[in-house]
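Accompanying notes for the structure given below.
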Amino acid sequence: NIKIFLETNIKLKNIKHLLSKNKKIKICLDLGNLKSFNFDFLGEVNEIKSFIGLIHLKDKKKGKKKNEMVNKGDVDFFTNVQILKKINYKGNFTLETAPGFHPLQNAKINYKIFNQIINNK
C-alpha cells in the first residue's frame, strides 16, 4: 500500500512515461516551485492530471528560491485550486509555508486562508 510521491523541477511532460510504468508513483505538485520556475500551472496539470497525488500549498515569488508567507508571493492559489477542482483532484494538500517568527500562529493563519480558498468561502 506504499505510494511514492515525486517532487521535481523537471517539466512534468518529460517524466510522464516513467509515471505510466508504475501506478504507485505519483507527483507531488508544489505550487510555489512551479511559480518560482515559471512553469505554466494549467499546462502542467493538464499534462499529468491523472498522476497528481499530493499538492504542496506554498508561496514563492517568480524566479526566487525563498518560500514566502502565504499571499506574499506570486502564486494565485484561488485560480490553481479552481483548476484542480475542474480536473476532479481528490488527493491531499500539504501546507509547506514559511514559518516566520511565530510558526504556530502562522500555521493557523495559513490553514484558515487555504481552508477558505479550497471551500470557496
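The values are calculated or read from the model by the stated rules, or taken from the named source; none is laboratory data. Not measured: the values here are computed from a predicted model. When we count neighbours, we look across all protein chains shown, and the Cβ atoms used for this are built from the backbone with ideal geometry, even at glycine. For accessibility, only protein heavy atoms count, side chains too; no ligands or nucleic acids. Shrake-Rupley method; radii C 1.70, N 1.55, O 1.52, S 1.80 Å.
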Completion exercise
Taking segment 27-47 and keeping only residues that are in contact (Cβ under 8 Å) with a residue 40 or more places away in the chain and either over 21 Å from K60 (Cα atoms) or among the basic types (K, R) (or both), one is left with K35, N46
Handout entry: segment 75-110 - residue that is more than 25 Å from F39 (Cβ to Cβ) and either among the polar types (S, T, N, Q) or touching a residue at least 60 places away in the same chain (Cβ under 8 Å) (or both) and, of those, most open to solvent (accessible area, probe 1.4 Å)
Key = Q105
Problem - Filtered residues of segment 19-33 (kept if more than 9 Å from V75 (Cα to Cα) and under 17 Å from the mean Cα position of the chain (by Cα)) - result: I25, K26, I27, C28, L29, D30, N33
Exercise for the section: Inspect all residues belonging to segment 36-46 and state whether any of them is buried (at least 20 other Cβ atoms within 10 Å of the Cβ), under 15 Å from the mean Cα position of the chain (by Cα) and either of a type in the set (S, T, N, Q) or under 24 Å from F101 (Cβ atoms) (or both). Expected result: yes
Completion exercise
Among F93, F51, the single one that is of a type in the set (A, V, I, L, M, F, W, C) and under 18 Å from Q116 (Cα atoms) is F93
Problem - Checklist (1) exposed (fewer than 13 other Cβ atoms within 10 Å of the Cβ); (2) closer than 17 Å to F41 by Cα; (3) not aliphatic (A, V, I, L, M) applied to N119, failing item - result: (2)
Practice task
Inspect all residues belonging to segment 89-110 and state whether any of them is within 27 Å of I2 (Cβ to Cβ) and aliphatic (A, V, I, L, M).
Solution key: yes
Handout entry: Which listed residue, of K26, K11, is at pLDDT 90 or above, of a type outside the set (A, V, I, L, M, F, W, C) and open to solvent by 20 Å² or more (accessible area, probe 1.4 Å)
Key = K26
Exercise for the section: Mind counting the residues in segment 96-119 that are of a type in the set (G, A, S) and either in a helix (DSSP H, G or I) or within 17 Å of D76 (Cβ to Cβ) (or both)? Expected result: 1
